[in-house]
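The values are calculated or read from the model by the stated rules, or taken from the named source; none is laboratory data. Just so you know, these numbers come straight off a predicted model, no measurement behind them. For neighbour counting, all protein chains shown are included, and Cβ atoms are generated from backbone atoms with ideal geometry for every residue, glycine included.
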Ligand code: P6P
């Protein structure tokens, strides 16, 4: 079977649908090449001397794995010279990374979690790269780009996606014209459009949450999970299954593929009061993808994409997936 390549898809979106500009198309192609390099490094595992921790912590206070830092460096180096970026931001860096003065600059802002789920690296479980593309505010023209220029609601994203390094390496992307899945053909080094127009099933019987945090949850979350656990004898009238990979990219990919609800809600812990996941480069790109596929993404009562960020590494509660289930949980939060 002949598959459309990522380049062909992007050229068509640019030429026929005006869904992407030439420099966003170049940016996505550059990010996809960097993800190929990360996939190659990840797949070497112990043979590549890239497993294990560096003994350092990132800005989040999380232990940095060798592959976290390597993936961050691959994305920075790949995206510095293209002339289509004003600056970058990463989970692994305290503040923004401006384009070096000897390179031309562009109008786009690239944000990424270079290797999400890195606690799974050493145990050979799927991990991924998450990215989000914004545009520099008009008022930033003629001055140095600042961190505040990144603090835009998720509705302003012009593109978002993730690469998942699993049994297959895939790139799942939206430019605001639906969600497309590309599988890496390692022999040719091409991303091939194998999953056109991914639609997230509106109903599900599968929830994803870390149950060990149950005692810390707010009442609406506790109510919803209790009802799921009551199965067909309870108010939801059906039995539910549970999955938790502890790798957001893998859990979200499963949900985009067969439906489900992903929950990392804020909770009563000091570390969880605002949630665990980061708004700018985890929740926003995943929410853009989920909504483009027909699903819903909330922080509890509010749509995630509408949230006005107040800090680059801001954390947020995340509930996303099959529309019917997320709407139910949103009602429970609104009733609380
Ligand atoms: P927990 C990975 O560290 C991550 O940021 C997400 O990818 C994942 O969904 C979550 O944290 C897992 O958190 O507390 O279950 O280990």
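Within the range 213-234, the set of residues being in a helix (DSSP H, G or I) and within 16 Å of the ligand (Cβ to nearest atom) comprises 213, 214, 215, 216, 221, 225.
Quick check, is residue 43 under 20 Å from the mean Cα position of the chain (by Cα) and in the same structural domain as residue 85 (by TED's automatic domain parsing)? Write out each step before concluding.
Values: under 20 Å from the mean Cα position of the chain (by Cα): no; in the same structural domain as residue 85 (by TED's automatic domain parsing): yes.
Spelling it out, it is not the case that residue 43 is under 20 Å from the mean Cα position of the chain (by Cα) and in the same structural domain as residue 85 (by TED's automatic domain parsing).
Scanning the range 254-275 for residues that are more than 11 Å from residue 208 (Cβ to Cβ) and buried (at least 23 other Cβ atoms within 10 Å of the Cβ) yields 256, 265. Taking the range 80-157 as the region of interest, the strands (runs of 3 or more DSSP E) fully inside it that hold 3 or more residues being under 21 Å from residue 29 (Cα atoms), in contact with a strand residue (DSSP E or B) (Cβ under 8 Å, 6 or more places away or on another chain) and within 16 Å of the ligand (Cβ to nearest atom) are 108-116, 127-135. Checked against (1) in contact (Cβ under 8 Å) with a residue 40 or more places away in the chain; (2) within 13 Å of the ligand (Cβ to nearest atom); (3) not in a strand (DSSP E or B), residue 262 passes all but condition (3).
If you go through the range 265-275 and keep only what is away from the ligand (no atom under 11 Å from the Cβ) and either part of a loop (DSSP other than H, G, I, E, B) or on the phi > 0 side of the Ramachandran plot (or both), you end up with 265, 266, 268, 273, 274. Quick one: would you say residue 50 is in the same structural domain as residue 182 (by TED's automatic domain parsing), surrounded by 15 or more Cβ atoms within 10 Å (Cβ to Cβ) and part of a helix (DSSP H, G or I)? No. Is it the case, given these coordinates, that residue 96 is within 20 Å of residue 166 (Cβ to Cβ) and touching a helix residue (DSSP H, G or I) at 6+ places or on another chain (Cβ under 9 Å)? Against the criterion (within 20 Å of residue 166 (Cβ to Cβ) and touching a helix residue (DSSP H, G or I) at 6+ places or on another chain (Cβ under 9 Å)), residue 96 does not qualify. Only residues that are over 21 Å from residue 236 (Cβ atoms) and either within 16 Å of the ligand (Cβ to nearest atom) or free of Cβ contacts under 8 Å to residues at least 60 places away in the same chain (or both): list them for the range 197-212, please. Across the range 197-212, the qualifying residues are 197, 212.
Going through (1) closer than 23 Å to residue 90 by Cβ; (2) in contact with a helix residue (DSSP H, G or I) (Cβ under 9 Å, 6 or more places away or on another chain); (3) modelled with pLDDT of 95 or more one by one, residue 147 falls short only on (2).
Condition test on residue 278, is it within 14 Å of the ligand (Cβ to nearest atom), buried (at least 21 other Cβ atoms within 10 Å of the Cβ) and touching a residue at least 24 places away in the same chain (Cβ under 8 Å)? Answer is yes for this residue. Restricting 55, 61 to those that are over 23 Å from residue 165 (Cβ atoms), within 16 Å of the ligand (Cβ to nearest atom) and either part of a helix (DSSP H, G or I) or out of contact with any strand residue (DSSP E or B) (no Cβ under 6 Å at 6 or more places or on another chain) (or both) reduces the list to 61.
Every condition in (1) within 16 Å of the ligand (Cβ to nearest atom); (2) touching a helix residue (DSSP H, G or I) at 6+ places or on another chain (Cβ under 9 Å) holds for residue 69 except the one numbered (2).
Can residue 250 be described as under 30 Å from residue 30 (Cβ atoms), assigned to a helix (DSSP H, G or I), within 13 Å of the ligand (Cβ to nearest atom) and not assigned by TED's automatic domain parsing to the domain that holds residue 115? Even if it seems obvious, please write down each step before you answer.
On the way: under 30 Å from residue 30 (Cβ atoms): yes; assigned to a helix (DSSP H, G or I): yes; within 13 Å of the ligand (Cβ to nearest atom): yes; not assigned by TED's automatic domain parsing to the domain that holds residue 115: yes.
Yes; evaluated as a whole, the condition is true for this residue.
With the requirement that a residue be surrounded by fewer than 19 Cβ atoms within 10 Å (Cβ to Cβ), without any contact (Cβ under 8 Å) to a residue 40 or more places away in the chain and not in a strand (DSSP E or B), what does the range 291-314 give you? If the condition is that a residue be surrounded by fewer than 19 Cβ atoms within 10 Å (Cβ to Cβ), without any contact (Cβ under 8 Å) to a residue 40 or more places away in the chain and not in a strand (DSSP E or B), then 301, 302 are the ones that fit.
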